[in-house]
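This report refers to the structure that appears directly beneath it.
The values are calculated or read from the model by the stated rules, or taken from the named source; none is laboratory data. Bear in mind the structure is a predicted one, so any value in this text is a computation, not a measurement. Quick reminder, even Gly has a Cβ in these numbers, built from the backbone with ideal geometry, and neighbours come from all protein chains shown. Side chains included, ligands, DNA and RNA excluded: accessible areas come from the protein's heavy atoms. Shrake-Rupley method; radii C 1.70, N 1.55, O 1.52, S 1.80 Å.
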Amino acid sequence: MPHRTPRPVLGSPFHLLVLLCSFALCAYAGMRLLDGDPFLIALWFVGAALVHDLVLLPLYAVADRALVKGAGRRRSWVTYVRVPAALSGLLLLVWFPLISGRVSERYEGVAGQSAAGYPARWLIVTAVLFGGSAVVFAVRVRWGRAVGAGEG
């Protein structure tokens, strides 16, 4: 009989504690970000959940399905696109107000720094992520061929 690692039960005290801590952290961030207006904070959280579930999730699910279908038999390549795309998308989601320039005046007033350059920096980080993924892919393909050539 194969040895199985026990999985923690969903809803265990540890999971509940982590979930409560994350909600507390998000509530604190929302209070700081939205000047303590409880209605606006609740609206922001509900809106973020709805936008994610009804707009973003279907979009990246369709994009991922197209990527997998387009890869055909070479599905092992998909990870090398999926990971940098997910990280780039996460950075875009987190820093969208600054990347889009929608809050640059407010940001400059609060932080004392200019918000200029965020779109270029995000594009540079995205290029580095995809470039690094391409290098890792090339090294693994080359290493795989070298190992395969030495066995014959």
(message) Please compute the length gained on full extension between A127 and A24, using 0.36 nm multiplied by the number of residues separating them and subtracting their Cα-Cα distance.
(response) 33.6 nm
(request) Identify which of S114, S88, S12 has the largest mean-square fluctuation in a Gaussian network model of the chain, with springs joining Cα atoms closer than 10 Å. (result) S12
(request) Would you mind computing the Rg to Rh ratio of the chain from its alpha-carbon coordinates, Kirkwood style for Rh? (result) 1.08
(message) Compute the helix-to-body angle for 38-51: its Cα long axis versus the longest principal axis of the chain, expressed 0 to 90° and rounded to tens.
(response) 30 degrees
(request) Using a 1.4 angstrom probe on the protein heavy atoms only, line up S100, S133 by accessible area, largest first. (result) S100, S133
(request) May I ask you to evaluate 6.51 cos²θ - 1.76 cosθ + 1.60, the Karplus curve with θ = phi - 60°, for each residue of segment 59-71 and list the ³J(HN,Hα) values in order in whole Hz, giving x for glycine and proline? (result) 5, 6, 5, 5, 4, 5, 5, 5, 5, 5, 5, x, 6
(message) Between L91, L16, L25, where does the largest GNM mean-square fluctuation fall for the chain, given springs only between Cα atoms within less than 10 Å?
(response) L16
(message) For a quick check of understanding: with a 1.4 angstrom probe and all protein chains in place, what accessible area in square angstrom does L93 have, to the nearest ten?
(response) 110 Å²
(message) Sort W77, W122, W143 by heavy-atom solvent-accessible area, probe 1.4 angstrom, most to least.
(response) W143, W77, W122
(request) With springs connecting C-alpha atoms under 10 Å apart, model the chain as a Gaussian network and identify which of G112, G72, G47 has the largest mean-square fluctuation. (result) G112
(message) Using helices alone, I'd like the mean residue ellipticity at 222 nm for the chain: each DSSP H run of four-plus residues gives -39500 (n - 2.57), total over residue count, nearest 500.
(response) -25500 deg cm²/dmol
(message) Run the simple label-point estimate for H15 and V103 please: 7 Å along Cα→C-beta, distance reported in nm.
(response) 3.2 nm
(request) Lys and Arg at +1, Asp and Glu at -1: add these up for the other residues within a Cβ distance under 14 Å of A134 and post the number. (result) +3
(request) May I ask you to compute the full-extension gain from W77 to V139, defined as 0.36 nm times their residue separation minus their alpha-carbon distance, rounded to one decimal in nm? (result) 21.0 nm
(message) Sequence gap at least 6, Cα distance under 8 Å: using those rules, report the relative contact order of the chain to the nearest whole percent.
(response) 15 percent
